[in-house]
Amino acid sequence: MGMLPESLDDHRVRAADVRSVVDGAVHWEPVRSLWLIAMALGATAGGALTFRWSAFALFVASTAAMLLLGHSLGMHRKLIHDSFQCPKWLEYFLVYCGVLVGLAGPLALLRTHDLRDYAQRLPHCHDFLAHRRSFLRDGWWQLHCELRLTRPPRIDIESRIADDPVYRFLQRTWMLQQLPWALLLWWWGGWAFVFWGVCARVTAGICGHWLIGWFAHNHGPMHHEVRGACVQGHNVRFASLLTMGECWHNNHHAFPGSARLGLHAGEWDPGWWTLLALRRLGLAWGIRLPSDLPHRPELVGTALARSRAPAEAALAYRSLHE
């Protein structure tokens, strides 16, 4: 994004920078809201009326695949943080799977992430960007509303992504990308497969993304603290498999460019396991770990991190030799 240095320590943050992510108001966003409501109605009413175990199995398998390949690997670790390299066709496939999660198009998701990342590393930011309000209020805000900042900071997406015709096409058609799959599933298994394979999958992806985000910014253990940042990440241990490793959010706040999110012993990270498999197949390389990232002087270890230092060192050693 290029608006903040990698490290904020010893840099004077201007008052205008803070005001740019504080001054604003939350408004209902009809397109996002109606999209989720329609999917949720299809999942609950349609799913209940047409329930079959085969349709439920389709929901579980397709949701897991899209979260792993699309959201975790495609959108987050590759498109947003570029933490590993792969063939262009594979990058497109992973990002396409991320579009099928149903959150947004790739360019919009990248802008949203960069704005939130920029804001959370400043001394203050709007409650919307920090998940700071109550559970129900934050749910309403994140699922049905948008933050309109009075003087928003400039978000620059590098041209290799912003000008890519595939990403621009996916951005324009991200909702319509569900339609071919709905038709295919209807042909294969009728309305039950549509309600469970599309509506329920999209609803779970959207709501699950918000739910983990709320917990990951409010509750859970911390190995590191980013001094001067108004928002700290927390690790949500119970959700390691459900989120494909995305729940290790404190680790991610500490080392945002790392392709590995589960950095400590016992922190399961299916996204990392998949990357190791792709590397063995020659389909992934240039995989970045915390040791490959610039030093951040504002990053300090907590008492939990110090107590687990020997285990962390052993895990890091194994990472270098896998």
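The values are calculated or read from the model by the stated rules, or taken from the named source; none is laboratory data. Because the structure is predicted, anything quoted here is derived from the model rather than measured. All Cβ positions, glycine included, derive from the backbone under ideal geometry; neighbour counts span all protein chains shown. With ligands, DNA and RNA removed, areas are computed over all heavy atoms of the protein, side chains included. Shrake-Rupley method; radii C 1.70, N 1.55, O 1.52, S 1.80 Å.
Things to note:
- Peptides ranked, highest mean first, by Cβ atoms within 10 Å: ranges 153-166, 68-81: 68-81, 153-166
- In degrees, nearest ten, helix 270-280 long axis to first principal axis of the chain (Cα): 90 degrees
- Between Trp140 and Arg52, the simple label model (points 7 Å from Cα in the Cβ direction) yields a spacing of 4.0 nm.
- Over the chain, relative contact order from alpha-carbon pairs under 8 Å, at least 6 apart, %: 25 percent
- The packing ranking, built from the mean of other Cβ atoms within 10 Å per residue, places the peptides 279-288, 258-267 in the order 258-267, 279-288, highest first.
- Coarse-grained scattering of the chain at q = 0.09 Å⁻¹, given as base-10 log I(q)/I(0) from a Debye sum over alpha-carbon atoms: -0.48
- Extension gain for the segment Arg151 to Phe169, taken as residue separation times 0.36 nm less the Cα-Cα distance, is 3.6 nm to one decimal.
- Against the main long axis of the alpha-carbon atoms of the chain, helix 88-100 sits at an angle near 70°.
- Local electrostatic count at Phe195 - Lys and Arg +1, Asp and Glu -1, tallied over other residues with Cβ under 14 Å: +2
- Taken about its Cα centre, the chain carries a charge dipole of about 280 debye when Lys and Arg each add +1 at the Cβ and Asp and Glu each add -1 at the Cβ.
- Whole-number accessible area per residue in Å² for the chain, which is evaluated in the context of all protein chains at 1.4 Å: 48 Å²
- Coupling constants for segment 258-269 follow from the phi torsions by the Karplus curve (6.51 cos²θ - 1.76 cosθ + 1.60, θ = phi - 60°), and in residue order they are 7, 6, 9, 9, x, 9, 10, 4, x, 8, 5, 9 Hz; glycine and proline get x.
- Within a Gaussian network of the chain (alpha carbon springs, distance under 10 Å), most fluctuating of Gln171, Gln232, Gln142: Gln171
- Extension gain from Phe238 to Tyr92, taking 0.36 nm per residue of separation minus the Cα-Cα distance: 49.5 nm
- Computed FRET value (nearest 0.05) for Leu276 with Ile37, which takes r as the C-beta separation and R₀ as 45 Å: 0.70
- For the chain, carbon and sulfur atoms together expose 65% of the accessible surface, with a 1.4 angstrom probe and every protein chain in place.
- Added length on full extension, which subtracts the Cα-Cα distance from 0.36 nm per residue, Arg19 to Glu158: 47.6 nm
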